[in-house]
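The block underneath contains the structure these notes are about, expressed in structure tokens.
The values are calculated or read from the model by the stated rules, or taken from the named source; none is laboratory data. What you are looking at is a predicted structure, and each value in this text was computed from that prediction instead of being measured. Neighbour counts are summed over all protein chains in view; Cβ atoms, including those assigned to glycine, are modelled from backbone coordinates with ideal geometry.
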Amino acid sequence: MLNIVLVEPQIPPNTGNIGRLCVNIGATLHLIKPLGFDISEKALRRAGLDYWKKLDLIVWESIDEFISARKESDRLHLMTTKASKVFWEAEFDKGDYILFGAETKGLPKSLLDRYSSECLKIPMSKEGRSLNLSVSVGIVAYEALRQIQINTGELF
């Protein structure tokens, strides 16, 4: 349905929440290393992430590996506070990839420059700096799901 891509995520609970979201909406979660935490079976069991085994998960060694493995027809949406286009102005479709950067630094500038026309933002007041990563993924993923349901009649 959708592909949620976390580039160098740092905070385990955020990734855990996003993994749970992906299971519930039928999305694939892509994690791009380096990761700020351990996702071994032992670590996941200790964290109580029993739903993790239901997750469609792909782990990439680097952003370059991820980019070079994708098809030219794959549509990317890059989430950044630096974009001028708001996410609900984008057209989402089945199979799209929605990229989110590390909690502490966002997506790499080189990636934002390379795909500048695919950059989107979540609007925020001037009082805020950013939203929590798992909140941001939820906001955008459900807008994408809403659009897909309207366009195809399919929810999952």
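Within the range 77-121, which residues are within 13 Å of the chain's Cα centre (by Cα) and more than 22 Å from Arg146 (Cα to Cα)?
Across the range 77-121, the qualifying residues are Gly101, Ala102, Glu103, Gly106, Leu107.
With respect to the numbered conditions (1) closer than 15 Å to Ala27 by Cβ; (2) surrounded by 13 or more Cβ atoms within 10 Å (Cβ to Cβ); (3) of a type in the set (A, V, I, L, M, F, W, C), which one is the sole condition not fulfilled by Phe156?
(2)
Within the range 107-131, count every residue that is modelled with pLDDT under 95 and within 26 Å of Gly26 (Cα to Cα).
Number satisfying all stated conditions: 1.
Residues in the range 104-111: is at least one closer than 20 Å to Ile4 by Cβ and in a helix (DSSP H, G or I)?
yes
Testing Lys82 on (1) assigned to a loop (DSSP other than H, G, I, E, B); (2) closer than 16 Å to Ile4 by Cβ, one condition comes back false. Which one is that?
(2)
Looking at the range 104-129, I want the residues that are touching a residue at least 24 places away in the same chain (Cβ under 8 Å) and have a partner that is surrounded by fewer than 11 Cβ atoms within 10 Å (Cβ to Cβ) and in a helix (DSSP H, G or I) with Cβ atoms under 9 Å, at least 6 apart or on another chain. Which pairs are those?
Leu120/Glu89
Out of all the residues in the range 124-134, is one or more over 17 Å from the mean Cα position of the chain (by Cα), in a loop (DSSP other than H, G, I, E, B) and of a type in the set (Ser, Thr, Tyr)?
Our first condition is that a residue be over 17 Å from the mean Cα position of the chain (by Cα); within the range 124-134, this holds for 124-129.
Retained after the next criterion (residues that are in a loop (DSSP other than H, G, I, E, B)): 124-129.
Keeping just the survivors that are of a type in the set (Ser, Thr, Tyr) gives 125.
The answer is yes, given that some residue of the range 124-134 is over 17 Å from the mean Cα position of the chain (by Cα), in a loop (DSSP other than H, G, I, E, B) and of a type in the set (Ser, Thr, Tyr).
Need pairs with beta-carbon distance below 9 Å; first residue of a type in the set (Asp, Glu) and within the range 74-89, second at pLDDT 95 or above and crowded, with 18+ Cβ neighbours inside 10 Å; sequence gap 6+ or separate chains.
Listed pairs, sorted by first residue: Asp74/Asn3; Asp74/Asp96; Asp74/Tyr97; Glu89/Leu120.
Would you tally the residues in the range 130-153 being in contact (Cβ under 8 Å) with a residue 40 or more places away in the chain, more than 15 Å from Ile18 (Cα to Cα) and surrounded by fewer than 14 Cβ atoms within 10 Å (Cβ to Cβ)?
So the answer is 3.
Please indicate, with yes or no, whether at least one residue in the range 32-42 is surrounded by 18 or more Cβ atoms within 10 Å (Cβ to Cβ), modelled with pLDDT of 95 or more and either more than 22 Å from Ser130 (Cβ to Cβ) or not polar (S, T, N, Q) (or both).
Yes; the residues of the range 32-42 include at least one that is surrounded by 18 or more Cβ atoms within 10 Å (Cβ to Cβ), modelled with pLDDT of 95 or more and either more than 22 Å from Ser130 (Cβ to Cβ) or not polar (S, T, N, Q) (or both).
Only one of Leu29, Leu55 is within 12 Å of the chain's Cα centre (by Cα), among the aliphatic types (A, V, I, L, M) and at pLDDT 85 or above; which?
Leu29
Being modelled with pLDDT under 95 and polar (S, T, N, Q) is the filter here, so list the residues in the range 69-83 that pass it.
Passing the criteria: Ser73, Thr81.
Taking into account only those residues within the range 94-129 that are among the β-branched types (Val, Ile, Thr) and surrounded by 14 or more Cβ atoms within 10 Å (Cβ to Cβ), which is farthest from Asp74 (Cα to Cα)?
Once the filter is applied, the top-ranked residue is Ile122.
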